[in-house]
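Novice: Dropping the structure in here first, questions after.
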Ligand code: CP
Ligand code: NVA
């Protein structure tokens, strides 16, 4: 059957077939090349997109803004303050209003149920720019980056180190299951994903040839890994008080040279960013004062090593987010 994503929302990878995900990755590659050589065709002229952010962002916001503008569309940014959303006006009512003015809605916030409700009530495509549960546009950028370096996703072993139950751990696990990859979540058992989601991924994996495993030993988990991925130990929206226990739980899961020696020599180090790899941020300075840590989820050495592809990955947010918009609302 012909593949058609027009009018569809992008809320989580579970809603997409492997072929649809592959299509979005191929389209992102085409759009990246077109931008590089200067022959990009604008398919979104006259379209208006609203970007609704309850949480901060650099990459996601910029990727939506630049992607939309490259394609001829206009954007409105509504930040964590300054709109009625969620405070004086319900998600349902806001969705009905925005759906009458805009051709698509991007949402970054707390609840996955909110992004799902926006799609239900607005009747226009809605894009999930991160919720507590999932960060699906990030996975497209990660997978495009892996393809650029490894030519394929099939049979790639990807280890996610840290808070495996966070939006990145959940989404990478789903993405790996869909694309026939070997996912290993490395972290303490109490931070592994929800059992129901793990089982859903294992069911998908049976069809795609993927494997889904977990380990509480990062060094062992990294054996022969193609990709080692990590993320912050405390995510946006979590209480500051969580830092203490999280540091205790996740210190043994820091990505450093010792664990990477177990991975393949041409392994890729990946991180969705922002990362705490030095003391050049306010948060990192506060953590150092309180817990005497100068690096957190990844050492500066690994972050800056030749295996690190984090900035290519960040650039690919633009091309993949643009692909999602072009596929769903482009001419
Ligand atoms: N990776 C990512 O989503 O970055 P931002 O928080 O800067 O959007
Ligand atoms: N887990 C992180 C991802 C940031 C892109 C967070 O939610 O803060």
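All of the numbers you see were taken from the coordinates with simple rules; none came from a lab. Just so you know, these numbers come straight off a predicted model, no measurement behind them. FYI the Cβ positions are ideal-geometry reconstructions off the backbone, even for glycines, and counts take in every protein chain you see.
Novice: What nm value, rounded to one decimal, do you get for the distance between residue 17 and residue 282 when each label is placed 7 Å out toward the C-beta?
Specialist: In this crude spin-label approximation the distance works out to 4.8 nm.
Novice: Give, in whole angstrom and from largest to smallest, the semi-axes √(5λ) of the equivalent ellipsoid of the chain, with λ running over the eigenvalues of the Cα gyration tensor.
Specialist: Semi-axes (√(5λ), whole Å): 31, 23, 19.
Novice: Just to confirm the number: angle between the C-alpha axis of helix 282-291 and the first principal axis of the chain, 0 to 90 degrees, nearest 10?
Specialist: Result, in degrees: 30.
Novice: So between residue 240 and residue 292, what do we pick up on full extension, going 0.36 nm a residue minus the alpha carbon distance? Display every interim value, and only then the final one.
Specialist: Details: separation 52, 0.36 × 52 = 18.72 nm, distance 1.64 nm.
In short, 17.1 nm is gained.
Novice: Let me ask another. How much length, in nm to one decimal, is gained on full extension between residue 194 and residue 312, taken as 0.36 nm per residue of separation minus their Cα-Cα distance? Can you show the working numbers first?
Specialist: Working: separation 118, 0.36 × 118 = 42.48 nm, distance 3.06 nm.
That pair, residue 194 and residue 312, stretches by 39.4 nm at full extension.
Novice: Going by Cα centres, the stretch 119-155 and the stretch 281-319 are how many Å apart?
Specialist: 21
Novice: Beyond 26 Å, what share of the Cα-Cα pairs of the stretch 1-151 remains, rounded to the nearest whole percent? Walk me through the numbers on the way to the answer.
Specialist: Values: 2815 of 11325 pairs.
That tail contains 25 percent of the Cα-Cα pairs.
Novice: Give the shape of the stretch 124-255 as rounded, prolate or oblate, defined through the alpha-carbon gyration tensor: a ≥ b ≥ c are the square roots of its eigenvalues, a/c under 1.5 means rounded, and otherwise the shape is prolate if a/b is larger than b/c and oblate if not. List each step's numbers first, then the result.
Specialist: Working: a/c = 1.59, a/b = 1.22, b/c = 1.30.
Oblate.
Novice: Quickly estimate the mean residue ellipticity at 222 nm for the chain, helices only: each DSSP H run with n ≥ 4 gives -39500 (n - 2.57), and the total goes over all residues, rounded to 500.
Specialist: Working: 13 runs with 146 residues, N = 331.
My calculation for the chain gives -13500 deg cm²/dmol from helical runs alone.
Novice: I'd like the orientation of helix 136-150 relative to the chain: the angle between its Cα long axis and the longest Cα principal axis, in ° from 0 to 90, rounded to 10.
Specialist: Roughly 60 degrees between the two axes.
Novice: Provide the FRET efficiency to the nearest 0.05 for the residue 6-residue 100 pair, computing r from the beta carbons and using R0 = 25 Å.
Specialist: On the way: r = 20 Å, r/R0 = 0.78.
E(calc), rounded to 0.05, equals 0.80.
Novice: Need one number: nm distance between label points at residue 92 and residue 111, each 7 Å from Cα along Cα→Cβ, rounded to one decimal.
Specialist: Calculated label separation equals 1.2 nm.
Novice: Please report the spacing between the Cα centers of the stretch 3-56 and the stretch 158-189 in Å, no decimals.
Specialist: 23
Novice: While we're on this one: Convert 20 °C to kelvin, take the viscosity as 1.002 mPa s, use the Kirkwood radius over C-alpha pairs of the stretch 1-68 as Rh, and evaluate the Stokes-Einstein diffusion coefficient in µm²/s, rounded to a whole number. List each step's numbers first, then the result.
Specialist: On the way: Rh = 14.3 Å.
It comes out at roughly 149 µm²/s.
Novice: Order these by the 10 Å Cβ neighbour count, fewest first: 278, 194.
Specialist: 194, 278
Novice: Taking Cα atoms, how many degrees apart are the long axis of helix 112-122 and the longest axis of the chain, rounded to 10 and kept between 0 and 90?
Specialist: The angle comes out at about 10 degrees.
Novice: Right, here's the next one. Between the stretch 87-106 and the stretch 204-228, how far is it from one alpha carbon centroid to the other, in angstrom?
Specialist: What the calculation gives is 40 Å, centre to centre.
Novice: Still on this structure, please answer the following. In nanometres, what is the gap between the two model label sites at residue 220 and residue 305, each 7 Å from Cα along Cα-to-Cβ?
Specialist: Placing both labels 7 Å beyond Cα along the Cβ direction yields 2.1 nm.
Novice: Here is a follow-up. Got the relative contact order for the chain handy, in percent, Cα pairs under 8 Å and 6 or more residues apart? List each step's numbers first, then the result.
Specialist: Working: 647 pairs, mean separation 68.3, N = 331.
After rounding, I find 21 percent.
Novice: Let me know the whole percent of all Cα-Cα pairs from the stretch 174-315 that are separated by more than 21 Å.
Specialist: Values: 4737 of 10011 pairs.
That fraction is 47 percent.
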